[in-house]
């Protein structure tokens, strides 16, 4: 683990000591004034379905050499597919959920014209979003492990209470007590193996509560993706009674502009190189 610089430690410590960020009271569904809105209209756009899409800045500084990690695939790859088509970038998908692995296989078959429909809980606007595009599937790498703060651990992966739902979690007490075992992988490991030492240009996470552990580790490792898209699933949940989510968002805002909140989905853009 890299040793944090004294300056970085001080900045994080001051942010955590400040008034905790309250997601819904401080920043309800609005865009950061003066940064991503202007006379020419909204400079953010939504890529993907109503369920799986995310808000990002228009004309992001991404290209075919950009390196993306998207953790939490589920049964909606609309954001990842549209992002790849728009910028030609390489995307590592991270999700050990069995139905997510199946869905990625079905996506491959869909674009090779071997199938026209999908199994699982598919959103009504999914086909409309993805059927007219032609992503370069050779630029996708699927990592069937759970994103965590360390690699090569074997830990419980708790199943949803409703078997019709796809999402599992690493957080005990969030879903059902029944679990399977999964292997873990860290951001640093993915960056070293798949990224081959390249900086991380965009990190998207929808990992059902594990985002707090991963983001804390990200800061400790001094990993600062240019664009950061996170669903904060523990916000207002009993597992986050101390508002650790709010404090972590406060720490992130030392380095990032918070440019959009869509319910629990937050979009950050790096404002400085630490």
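The values are calculated or read from the model by the stated rules, or taken from the named source; none is laboratory data. Computed from a predicted structure; not experimentally measured. Reconstructed Cβ throughout: ideal geometry from the backbone, glycine too, with neighbour counts over all protein chains shown.
Among the numbered criteria (1) assigned to a loop (DSSP other than H, G, I, E, B); (2) within 16 Å of residue 47 (Cβ to Cβ); (3) out of contact with any helix residue (DSSP H, G or I) (no Cβ under 6 Å at 6 or more places or on another chain); (4) modelled with pLDDT of 95 or more, which one does residue 80 miss?
Here residue 80 meets the rest and fails (1).
Filter the range 59-68 down to residues that are surrounded by fewer than 23 Cβ atoms within 10 Å (Cβ to Cβ) and modelled with pLDDT of 95 or more and give me whichever is farthest from residue 129 (Cα to Cα).
Filtering the range 59-68 for residues surrounded by fewer than 23 Cβ atoms within 10 Å (Cβ to Cβ) gives 59-67.
Among the residues that remain, those that are also modelled with pLDDT of 95 or more are: 60-67.
Values: 60: 20, 61: 23, 62: 21, 63: 21, 64: 22, 65: 24, 66: 23, 67: 23 Å.
Here the answer is 65.
Taking the range 216-243 as the search range and keeping residues that are touching a helix residue (DSSP H, G or I) at 6+ places or on another chain (Cβ under 6 Å) and closer than 14 Å to residue 267 by Cα, which one is surrounded by the fewest Cβ atoms within 10 Å (Cβ to Cβ)?
232
Just give me the residues in the range 187-198 being surrounded by fewer than 16 Cβ atoms within 10 Å (Cβ to Cβ), in contact with a helix residue (DSSP H, G or I) (Cβ under 9 Å, 6 or more places away or on another chain) and modelled with pLDDT of 95 or more, in sequence order.
Matches in the range 187-198: none.
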